[in-house]
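The values are calculated or read from the model by the stated rules, or taken from the named source; none is laboratory data. None of these values were measured; they are calculated from a predicted model. Neighbour counts run over all protein chains shown; Cβ positions are idealised from the backbone, glycine included. To get the accessible areas, we keep the full protein, side chains included, count just its heavy atoms, and leave off ligands, DNA and RNA. Shrake-Rupley method; radii C 1.70, N 1.55, O 1.52, S 1.80 Å.
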Amino acid sequence: GQQLNQNPQSMFIQEGEDVSMNCTSSSIFNTWLWYKQDPGEGPVLLIALYKAGELTSNGRLTAQFGITRKDSFLNISASIPSDVGIYFCAGQNNAGNMLTFGGGTRLMVKP
Amino acid sequence: EAGVVQSPRYKIIEKKQPVAFWCNPISGHNTLYWYLQNLGQGPELLIRYENEEAVDDSQLPKDRFSAERLKGVDSTLKIQPAELGDSAVYLCASSRRTGIYNEQFFGPGTRLTVL
């Protein structure tokens, strides 16, 4: 079964608001990843984090790799309607060939 | 560059019937993955291929599920016979090792409904 606990499970926010979601694990991962999945599509990579403590931005997205290597968070600033979707965190194993996904955070944005 | 292609996109079958899903990975990607995604959950790995070899199939229910990747390119995932609990989205992904991380590119998935 899945080992990553993702919170919150869902969020309903107003356009323009900032969003924060997090992911915790019982295991250490060497790489943390954040994906977005739109309805009827596969997940698409948003941000990859390779180093404990690392803070990485991609446009309005910012993600951090926790110091303990057991957690990560994703922030979205100034949300827009196209941010709607399900956001998944994923931890990657040492060999770099296996992903463990969280349960996802469903984001809804009201225009 | 074309993405990962999967077909069919949707499949509805009755329980106990067989079903097969097909995946064409991105050209040049030697690693291929099949994932199961239940409603409201994240993807879970079923099997991983390195070229034509299945190197991790520990999560594949082998009594009814089988997969193959002949010639190390396209892959087929089969369920026989299907059960009600198999209703889910089946995702295929592929990757090519570059640096310390193998980015996995996902296909759109096949949504299976078992009645």
Spin-label zone in the stretch B:23-40 - amide nitrogen under 18 Å from a point set 7 Å from the Cα of residue B:52 along the C-beta vector: B:23-25, B:28-33
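At a 1.4 Å probe, what is the % contribution of carbon and sulfur to the accessible area of the protein assembly as shown? Show your work: numbers first, answer last.
On the way: 5480 of 10900 Å².
So the carbon and sulfur contribution to the accessible surface is 50 percent.
Tell me, what is the percent relative contact order of chain A, built from C-alpha pairs under 8 Å that lie six or more residues apart?
Details: 290 pairs, mean separation 41.5, N = 111.
Once divided by the residue count of chain A, the mean separation gives 37 percent.
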Lysine pairs meeting the criterion (Cα under 27 Å, 8 or more apart or interchain), as found in the protein assembly as shown: 14
Chain B, relative contact order [Cα under 8 Å, separation at least 6], %: 36 percent
Distance (nanometres) between label positions extended 7 Å along Cα→Cβ at residue A:9 and residue B:70: 4.4 nm
Alpha-carbon centroid distance for the pair the stretch A:50-68 / the stretch B:19-98, whole angstrom: 30 Å
Buried area at the B-A interface (accessible, heavy atoms, 1.4 Å probe, summed, Å²): 1700 Å²
Members of the stretch A:75-98 that become less accessible by 10 Å² or more once partner protein chains are added (1.4 angstrom probe, chain alone as reference): A:88, A:92, A:95, A:96, A:97, A:98
Backbone N under 16 Å from the residue A:93 label point (7 Å along Cα→Cβ), restricted to the stretch B:1-40: B:31-36
